[in-house]
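Here's the structure we're looking at; comments come further down.
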Amino acid sequence: MNPADLVIRRASRADVDLVLSGDDLFDCPPTAEWTQDFLDRGSNLLVLALDGDTPVGMLVAVETSHLGASPDLFVYGIRVREEFRGQRLAHRMVDKAVKVAEEAGCSRVWGSVHRTETQDVRILGAGAPFTSPDPTDSGATHLTTFEIPIP
C-alpha cells in the first residue's frame, strides 16, 4: 500500500461500525454505546487512518479548557498497525488533529508518548531523538511530551 493512498480523517457518529472494526487499535475493544457517546461529544476527537474501509491507525484526543484561556487539544492515544509503521501515519494523524484544533480555536496540541528503548531503536533506528543515551536501559519506558503551538 502506498502511504499516499491511505485516508486520514476525523471519525463521526456514522463511523461507529468502522471504529468497532478496528478494535485491535485500542487498549480495550470499544463498544457501540461507548463509541457513540465518545463521538457525540464535541470536545472529543478520533482521527482514523484508513486503508480502504480498514482502520490501520487511530489518534484519540480531547479538548481541554481553562477558565480565561483558549482551549488545548490533548492527544492521549496514537496507534498504527505494525505493518503500516514507518510511513509517517502518526505524523499525518497529528497534522489532522492540529487542523481540527485550529478550527476549534485551540491554542495548542499536546500529548505524551510512552515508548521503550527497544521500540525506539526498532522503529526509529539507533541514535534517534527519542532514544535513551544509556545503552543498558533497553527495557525502560520513556515518556516524551510534545507540544505544537497554534498561532
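Annotations for the structure displayed:
- Some residue of region 2-19 being in contact (Cβ under 8 Å) with a residue 24 or more places away in the chain, in a helix (DSSP H, G or I) and among the hydrophobic types (A, V, I, L, M, F, W, C): yes
- Count - residues of region 10-30 that are in contact with an Asp or Glu (Cβ under 9 Å, 6 or more places away or on another chain) and either surrounded by 15 or more Cβ atoms within 10 Å (Cβ to Cβ) or within 11 Å of Met58 (Cα to Cα) (or both): 2
- Residue in region 73-82 that is touching a strand residue (DSSP E or B) at 6+ places or on another chain (Cβ under 9 Å), within 26 Å of Asp23 (Cβ to Cβ) and among the hydroxyl-bearing types (Ser, Thr, Tyr) present: yes
- Qualifying residue in region 31-40 (condition: surrounded by 14 or more Cβ atoms within 10 Å (Cβ to Cβ), closer than 21 Å to Val98 by Cα and under 13 Å from the mean Cα position of the chain (by Cα)): no
- Matching option when the condition is within 24 Å of Ile150 (Cα to Cα) and hydrophobic (A, V, I, L, M, F, W, C), among Ala104, Ala14: Ala104
- Filtering Leu39, Leu45 for residues that are hydrophobic (A, V, I, L, M, F, W, C), in a strand (DSSP E or B), under 17 Å from Ala104 (Cα atoms) and touching a helix residue (DSSP H, G or I) at 6+ places or on another chain (Cβ under 8 Å) leaves a single hit, Leu45.
- Boolean, Glu102 is outside any loop (DSSP other than H, G, I, E, B), in contact (Cβ under 8 Å) with a residue 40 or more places away in the chain and surrounded by fewer than 16 Cβ atoms within 10 Å (Cβ to Cβ): yes
Yes/no per residue for (1) in contact with a helix residue (DSSP H, G or I) (Cβ under 7 Å, 6 or more places away or on another chain); (2) surrounded by fewer than 21 Cβ atoms within 10 Å (Cβ to Cβ):
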{"site": "Gly52", "(1), (2)": "no, yes"}
{"site": "Val56", "(1), (2)": "yes, no"}
{"site": "Leu59", "(1), (2)": "yes, no"}
{"site": "Val62", "(1), (2)": "no, yes"}
{"site": "Leu67", "(1), (2)": "no, yes"}
{"site": "Phe74", "(1), (2)": "no, yes"}
{"site": "Gly77", "(1), (2)": "no, yes"}
{"site": "Gly86", "(1), (2)": "yes, yes"}
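- If you go through region 105-151 and pick out every residue that is part of a helix (DSSP H, G or I), at pLDDT below 50 and loosely packed, with under 14 Cβ neighbours inside 10 Å, you end up with 1.
- Considering residues of region 62-84 that are modelled with pLDDT of 90 or more and part of a loop (DSSP other than H, G, I, E, B) only, the residue nearest to Ile148 (Cα to Cα): Pro71
The values are calculated or read from the model by the stated rules, or taken from the named source; none is laboratory data. What you see is a predicted model, and the numbers here were worked out from it, not measured in a lab. Neighbour counts are summed over all protein chains in view; Cβ atoms, including those assigned to glycine, are modelled from backbone coordinates with ideal geometry.
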